[in-house]
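**Q** My questions will all concern the structure given below.
None of the figures in this text is laboratory data; all of them are computed from the coordinates on show. The shown structure was predicted, so the numbers you read here are calculated from the model rather than taken from an experiment. Here Cβ is always computed from backbone atoms with ideal geometry, including for glycine, and neighbour counts include all displayed protein chains.
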Amino acid sequence: MPNQCFVCGQEAGSALVCEACRADLPSLAAVCPVCAIPSGEDLVCGSCQRAQPAFDATVAALPYAFPVDRLVQALKYGRRLALTRFLSGLLEPFAPPQGSVVVVPMPLHPARLRERGFNQAAEIARPLARAWGLPFKADAVERVRDTVPQATLPWIERRRNMRGAFRCHGSFAGKTVVIVDDVMTTGSTLDELARTLKSHGAACVVNRVVARTPSPA
């Protein structure tokens with residue numbers, strides 16, 4: 001049976017989003033190459049110049065705007081796991097650098113994982129690593145602090161909230177690590193994870209996120 005498009009409800013064949021809606025997805029224009037914040041030009045933004053994050057680069061497939069926000073929320077909170085392959089496919093063209101590369105999904109704390117039943121970042125990252133032909137390291141990093149959800153905190157408190165939140169298992173010496181996540185807001189969580197990975201030898205940490213919010217909020 002043909003699928004109904006998740007966005008418009010029209011017949012979409014075997015796809016989850018019809019060709020018309022996929023062509024109409026919002027796009028990111030010029031962004032900061034480090035944090036992917038829309039900046040109007042492809043230059044490092046003032047914030048990253050003042051305080052370089054622990055990660056080296058970020059690529060976001062789309063802005064966090066309609067209908068991208070609905071797609072991500074349907075996966076994350078509505079358990080629409082069929083959307084993982086579509087969201088992963090949005091990131092496939094943005095291949096990581098060459099070299100010794102591993103893919104690591106943003107980990108969830110065990111309590112949050114039990115509550116949700118799955119880690120949306122891992123579900124997006126697994127087919128992505130397979131498509132790129134790269135090792136997928138879902139258990140290489142764990143979240144050891146069940147932090148307050150970042151969305152509930154003022155921007156200035158988010159970095160403090162994430163301190164000491166992650167623990168690595170083993171060495172990442174000389175590796176380029178691709179962190180995969182669904183949405184990037186201030187980047188504080190990604191920054192802390194990158195800091196932890198580099199403390200365990202990672203030579204380079206780059207982010208691949210499905211969506212980027214238009215401004216830190």
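**Q** What fraction of the DSSP beta bridges in the chain is antiparallel, stated in percent and rounded to the nearest 5? Before the final figure, lay out the partial values.
**A** Values: 6 of 26 bridges.
DSSP beta bridges in the chain are roughly 25 percent antiparallel.
**Q** How big is the dipole moment of the chain about its Cα centre under a simple scheme where the beta carbon of each Lys and Arg is +1, that of each Asp and Glu is -1, and everything else is neutral? Debye, nearest 20, please.
**A** Details: 25 positive and 18 negative charges, 151 e Å.
Magnitude of the dipole: close to 720 debye.
**Q** In Å³ and rounded to a whole number, note down the convex hull volume per residue for the Cα atoms of segment 1-92.
**A** Here the figure is 115 Å³ per residue.
**Q** Something else: To the nearest 500 deg cm²/dmol, what mean residue ellipticity at 222 nm is calculated for the chain from DSSP H runs of n ≥ 4 alone, each contributing -39,500 (n - 2.57), summed and divided by the residues? Don't skip to the answer; put the middle values down first.
**A** Details: 8 runs with 68 residues, N = 217.
After summing the helix terms and dividing by residue count, I get -8500 deg cm²/dmol.
**Q** Tell me the trypsin sites (Lys or Arg not before Pro) within segment 12-79 that lie in a loop according to DSSP and have at most 15 other beta-carbon atoms within 10 Å. Don't skip to the end; give the middle numbers.
**A** Values: sites: Arg22, Arg50, Arg70, Lys76, Arg79; in loops: Arg79.
Filter output for segment 12-79: Arg79.
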